[in-house]
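K.L.:
Provided herewith is a single structure, encoded as structure tokens, for subsequent inquiry.
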Amino acid sequence: MLTGGPLDVLTGDYLAELTMLILGRDRLKDPGRGWAKTFLRQLEDGLGLARERGVTLVANAGGLNPAALADAVRELSERVGVPARVAHVEGDDLLERGGWGEGVLTANAYLGGAGIAACLRAGADVVVTGRVADAALVSGCAAAHFGWADDDRDRVAGAVVAGHVLECGTQATGGNYAFFVRDGIDVRHPGFPLAEIAADGSSVVTKHPGTGGAVTVGTVTAQLLYETAGPRYPGPDVTARLDTVRLAQEGPDRVRIEGVRGEPRPGTLKVGLTRLGGFRNAVTFVLTGLDVEAKAALVREQMEAAFARAGTRRPREVSWNLARTGRPDADVQEEAGALLRLVVRDADENVVGRAVSAPAVELALASYPGFHVTAPPARPAPYGVFEAAYVPAEGVPHVAVLPDGTRVDVSFPASAPTTAPADSRPQAGPGPGAGPHLVPSPTRRAPLGLVAGARSGDKGASANIGVWARDADPEIHEWLRATLTAARLRQLLPETAGLEITRHELPNLAALNFVVDGILGEGAASQHRFDPQAKALGEWLRSRHLDIPEVFLP
């Protein structure tokens, strides 16, 4: 990014929900830790180049200890002989406030961009923060550059949307893109996206010349739908209306974002809580050839009997999953098998240790024919839990520590803006007169992915699946609206049975967005599913077959 073309600010997002748990464990070992060490290693090579080119660096790599990272950056600056004015933002760490429940390792509020803006206005060359909203890394920079006020909501909302597009890097330039084969996008080394933000809050998403990947309306749509819920995208600075976003292909690898409307920010701030949930162990048994169901039943019965006589209690959670991966009369042995996966969890490491691994090995000569496992049983591993809480925004400190050490309080005023109205519960499908009339046409059974893209991801214990019409085709969009209801999604993805599914509509993007509550158990860190972060949930949906009008099919 520093060598490929001109930049004003280079931002970096280092803090996934799982990362906070890892940093929390680091801080337990050493109170001086808790920040992303990779940022400092990258800065060793990049600081001189950034200063030479006049590029400001803004990153949330401070994690749980932004002040310590700021000091480390100053030490690095002196060591490599590159002068840099370093500032940091703090106040998000609310762990000492207490009241979060037993075993909480981290409690961090998602701050907005005001602290970043204050640091930049004071002339900082490097700004490090703790937990801020991902998009605030961009909106704070734009607010500082253009001098936006707190109530410039449409402008700030536009920058928030640009920040959301940038926050996952190459996911906006063809990475993880549903139509990469059809569109012929070379995603072996996609370039990172950048946003040219204008004073009115509109922007153009592009990338440096000569880099791989592509920037299209489709790739930007995919990222806009990622890890979002309803039309309102609430944040600590503004509530951006995703249903007002307009996208247009302005040229090769240039997509314009405009029309974004902003509403008042919520009166509360989200607080991410992490804690250790206990210990987890897993064994995957390979079942080959005939009688797969009987083989699975035998090993389950044998393992359950072993739990009963192990001298300890049965693990708190025992789950079995049989994946029928084989096919009849297979030419390759691996294609003749099925996988039986045992996962156990408990607060006591001993209960999921040798009490599980020993019988899994001891059964090798006394169980089903062809007995073997994919890997030797391992030691139990700790797993984490992520939860979200909400606190009044005016009660959360937000402090910019400027390069000269001056502390500037940019906390929310006691009279916080009125909370934007909540999204009403969407209907399962469009009502009468909701769109153009669909003319009946012959249909063919085919995968949904031939006519729709999808992008999915995790949000705490829930997952979202954004689905958009191929090429933003309005007729395909209307068919999707009429066909892909919450009930139909539940039929297509049986793992969602019994879970609440909410459907939202984003007509400007020719898209639907589904939120599946509770599908990830206690969050990605708990490793609840085979796909623990729901990254492939959308691709599973695209692989399912429906009766699709032939006129839409290739």
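The values are calculated or read from the model by the stated rules, or taken from the named source; none is laboratory data. Note that this is a predicted model, so its numbers are computed, not measured. Heads up, the Cβs are rebuilt from the backbone with ideal geometry, glycines too, and the neighbour counts pull from every protein chain shown. Side chains are part of the model used for accessible areas, which takes the heavy atoms of the whole protein and leaves out ligands, DNA and RNA. Shrake-Rupley method; radii C 1.70, N 1.55, O 1.52, S 1.80 Å.
K.L.:
Report the FRET efficiency, 1/(1 + (r/R0)^6), for R316 and E78, where r is their Cβ-Cβ distance and R0 is 56 Å, rounded to 0.05.
P.N.:
0.60
K.L.:
For region 503-511, in order, what is each residue's ³J(HN,Hα) by Karplus, 6.51 cos²θ - 1.76 cosθ + 1.60 with θ = phi - 60°, in whole Hz (x at glycine and Pro)?
P.N.:
10, 10, 10, 10, x, 4, 9, 6, 9
K.L.:
Let me ask something additional. Among the trypsin sites (Lys or Arg not before Pro) in region 262-320, which ones are in a DSSP loop with at most 14 other Cβ atoms within 10 Å of the Cβ? Mind listing them?
P.N.:
Values: sites: K270, R275, R280, K295, R300, R309, R313, R316; in loops: R309, R313, R316.
For trypsin sites (Lys or Arg not before Pro) across region 262-320 that sit outside H, G, I, E and B with at most 14 neighbouring Cβ atoms in 10 Å, the list reads R309, R313, R316.
K.L.:
Another question, if that's okay. Could you look at region 50-117 and say what percent of its accessible area is carbon and sulfur, using a 1.4 Å probe and all protein chains?
P.N.:
With neighbouring chains kept in place, the figure for region 50-117 is 45 percent.
K.L.:
For region 1-144, what does the alpha-carbon gyration tensor say about shape, rounded, prolate or oblate, given a ≥ b ≥ c as the root eigenvalues, a/c under 1.5 as rounded, and a/b over b/c as prolate?
P.N.:
Prolate shape, in that a/c is at least 1.5 and a/b is the bigger ratio.
K.L.:
Test of understanding: given the chain, find the longest segment containing no GluC sites (Glu not before Pro) that are in a DSSP loop and have at most 13 other Cβ atoms within 10 Å.
P.N.:
Segment 103-499 is the longest.
K.L.:
For region 465-514, which whole percent of the accessible surface, found with a 1.4 angstrom probe, sits on carbon and sulfur atoms? Numbers along the way, then the final one.
P.N.:
On the way: 850 of 1800 Å².
Of the solvent-accessible surface of region 465-514, carbon and sulfur hold 47 percent.
K.L.:
Efficiency by 1/(1 + (r/R0)^6): what FRET value for K29 and S441, r their Cβ-Cβ distance, R0 = 60 Å, to the nearest 0.05?
P.N.:
Working from the Cβ atoms, E equals 0.40.
K.L.:
Between D404 and A347, what is the label-point separation in nm under the 7 Å Cα-to-beta-carbon projection?
P.N.:
Between A347 and D404, the label points sit 5.3 nm apart.
K.L.:
Taking the highest mean first, how do the peptides 206-215, 110-119 order by number of other beta carbon atoms within 10 angstrom per residue?
P.N.:
110-119, 206-215
K.L.:
Also, quick follow-up: Taking square-rooted eigenvalues a ≥ b ≥ c of the alpha carbon gyration tensor, is region 317-371 rounded, prolate or oblate, where a/c under 1.5 means rounded and, failing that, a/b exceeding b/c means prolate?
P.N.:
Verdict is oblate for region 317-371.
K.L.:
Now, a different point. Could you do me a favour and compute the accessible area per residue for the chain, 1.4 Å probe, result in Å²?
P.N.:
On a per-residue basis, the chain sits at 44 Å².
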